[in-house]
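> Have a look at this one before I ask anything.
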Amino acid sequence: MSSLLDQSALTDLAERLVAAARAAGADAADAVAVRSVSQSVEIRDGAVEESERSEGDDIGLRVFVGKRQAVVSTNDLIADGAATLAERAVAMARAAPEDRFAGLADPSLLARSFPDLDLVDPNLPTVARLEDLARQAEAAAMAGFPNERNSIPKRKTVRAKM
């Protein structure tokens, strides 16, 4: 299995976060972990103008202290950060106002089986394949506008860094 598709490390981290929240004083907690991958290619006049790829893992933790709750999230997934994040979330929950509706769903109401929705394609396209598809899309778009010479109007890009 591709390391991008193997989410066992994220599952382990989510479980550690819930345990750390309970150890920090939460009555209950839940966590969500998300892995994202994005890859794009921009073509102009048949040539590659830009090629980008990004990968990221994010995790969120919701904690309950009585009828108070707090939610924190991070993409800083260092191994020893679970306890710190959980402690911060519990402190935030203690400072939050009470909410009579706050709490985890009753376990009897939770789904027990999940249909295979086939939402992940394990065959990630290569950059060459994306370039080919982008060139085809540009050619099809330009075929509808035979008097145009450029697929994208010229633009000025301004970038600032902080």
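> Pick from 51, 40, 36: which is of a type outside the set (Lys, Arg) and without any contact (Cβ under 8 Å) to a residue 60 or more places away in the chain?
From the options 51, 40, 36, the qualifying one is 36.
> Here is a further query. Across the stretch 122-148, what is the number of residues that are loosely packed, with under 12 Cβ neighbours inside 10 Å, touching a residue at least 12 places away in the same chain (Cβ under 8 Å) and of a type in the set (A, V, I, L, M, F, W, C)?
The qualifying residues number 0.
> In the set 86, 95, 102, which member is without any contact (Cβ under 8 Å) to a residue 40 or more places away in the chain and surrounded by 17 or more Cβ atoms within 10 Å (Cβ to Cβ)?
Numbers: 86 fails: without any contact (Cβ under 8 Å) to a residue 40 or more places away in the chain; 95 fails: surrounded by 17 or more Cβ atoms within 10 Å (Cβ to Cβ).
Exactly one residue qualifies, and that residue is 102.
> I'm trying to understand the selection: among the residues of the stretch 2-46, which are in a strand (DSSP E or B) and under 19 Å from the mean Cα position of the chain (by Cα)? First the steps, then the outcome.
Of all residues in the stretch 2-46, those in a strand (DSSP E or B) come to 28-44.
Within the stretch 2-46, 30, 31, 32, 33, 34, 35, 36, 37, 38, 39, 40 qualify.
> Right, here's the next one. Under the condition of being hydroxyl-bearing (Ser, Thr, Tyr) and in contact with a strand residue (DSSP E or B) (Cβ under 6 Å, 6 or more places away or on another chain), which residue from the stretch 1-45 is farthest from residue 65 (Cα to Cα)?
Only one residue fits best here, namely 40.
> To continue, here is another question. If you go through the stretch 103-114 one residue at a time, do you hit one that is in contact with a helix residue (DSSP H, G or I) (Cβ under 9 Å, 6 or more places away or on another chain), in a loop (DSSP other than H, G, I, E, B) and among the charged types (D, E, K, R)?
No; the residues of the stretch 103-114 include none that is in contact with a helix residue (DSSP H, G or I) (Cβ under 9 Å, 6 or more places away or on another chain), in a loop (DSSP other than H, G, I, E, B) and among the charged types (D, E, K, R).
Quick note: the coordinates plus some simple rules give every number you see, no bench work behind them. Computed from a prediction, not measured in an experiment: that's the story for all the values here. As a convention, Cβ positions derive from the backbone with ideal geometry for all residues, glycine included, and neighbour counts pool all protein chains shown.
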